[in-house]
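Worksheet for the structure shown next.
The values are calculated or read from the model by the stated rules, or taken from the named source; none is laboratory data. It should be emphasised that the depicted structure is a prediction, and the values quoted were computed from it without experimental measurement. Here Cβ is always computed from backbone atoms with ideal geometry, including for glycine, and neighbour counts include all displayed protein chains. SASA here: full protein model, heavy atoms, side chains in, ligands and nucleic acids out. Shrake-Rupley method; radii C 1.70, N 1.55, O 1.52, S 1.80 Å.
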Amino acid sequence: MNYYDAHNHFQDYRLDSARPDLFESIINGSIAAMTVNGTCEADWESVLNLGQTSSRFIPSIGLHPWFTHRASPDWKSKFTDFAQQSRCVGEIGLDQWIQDSPFDLQKEAFEFQLRFAVARNYPITIHCLKAWGSLLKILRQEISSDTKFLLHSFAGSREILAELSDLGAYFSISGYFAHERKRAAADLFKFVPIDKLLIETDAPDMLPPPSLQLHPLTSQNGDLINSPANLPMIYQFTAELLRMPLKELAAQFELNFKNFYSTVLKPG
């Protein structure tokens, strides 16, 4: 059975000590592919390098809304260079939950990156928190009918889900939604069209509950962090949530993943 991780941050420094073992297990194991998302100028080269080591890593370049206020004056040219090599854009988006990142800078960065990706038909990974109205307005203005965009770890309402679905959105669920306190949010994924649903770990973030931490990890400072190796347990959780046989769900998600990344996946 093949597993596909639609969103993580395998380049993150918190995975430094575990990365060699994780890399070997990924290359030799059942994780067929994972999308590694950049968040700022400092990690774009690392993300791109992972994609050059193995076709199992899909590099995706983006300036995350949390870091737009820290971007260099020439970040757009750097982004353009790296994103043309990755041919995937993200993690980009809007966030009105975070306090120290001015929203006008977020919007400017998001619109620039979105337009860049839409013009080239690149897959796009989007982060959104408490900014759904602004996001929907921009998407309606900027995307085309064949734009492929993913709302990672979607946590909006059923109404917003329906509006995004009408625009052709994909949605990904992480193990974080297996926490009991997130049950209502998890139930929303039952309304996602099955051909538009993906699974992610968001490692080293979005730590799932202990029952899904098949491979517990700690960072250098001793904090518990999420591992990409927890992916099979997130598949099992999602199969139970959707009341689907695991093999059927895995086959569907393989098809979904390959459809979403059809322009960047290498044959074989």
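Could you go through segment 19-28 and let me know if any residue there is open to solvent by 10 Å² or more (accessible area, probe 1.4 Å), without any contact (Cβ under 8 Å) to a residue 40 or more places away in the chain, among the hydrophobic types (A, V, I, L, M, F, W, C) and over 16 Å from L217 (Cβ atoms). The answer is yes; a qualifying residue exists.
To keep it simple, each residue is scored yes or no on (1) open to solvent by 40 Å² or more (accessible area, probe 1.4 Å); (2) assigned to a helix (DSSP H, G or I).
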{"residue": "A184", "(1), (2)": "yes, yes"}
{"residue": "L207", "(1), (2)": "yes, no"}
{"residue": "Q236", "(1), (2)": "yes, yes"}
{"residue": "L249", "(1), (2)": "no, yes"}
{"residue": "F253", "(1), (2)": "no, yes"}
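Restricted to segment 7-18, and to residues there that are farther than 26 Å from L151 by Cα and of a type outside the set (D, E), the residue that is nearest to the chain's Cα centre (by Cα) is A18. Restricting segment 91-100 to residues that are open to solvent by less than 10 Å² (accessible area, probe 1.4 Å) and either touching a helix residue (DSSP H, G or I) at 6+ places or on another chain (Cβ under 8 Å) or not in a strand (DSSP E or B) (or both), the residue that is nearest to Q52 (Cα to Cα) is I92. If you filter segment 29-43 down to residues that are hydrophobic (A, V, I, L, M, F, W, C) and more than 15 Å from the chain's Cα centre (by Cα), you find that the one that is surrounded by the fewest Cβ atoms within 10 Å (Cβ to Cβ) is A42. Restricting attention to segment 19-57, the residues that are β-branched (V, I, T), farther than 30 Å from D100 by Cα and not in a helix (DSSP H, G or I) add up to 1.
Being assigned to a helix (DSSP H, G or I), in contact (Cβ under 8 Å) with a residue 24 or more places away in the chain and either out of contact with any helix residue (DSSP H, G or I) (no Cβ under 6 Å at 6 or more places or on another chain) or within 25 Å of K196 (Cβ to Cβ) (or both) is true of Q113.
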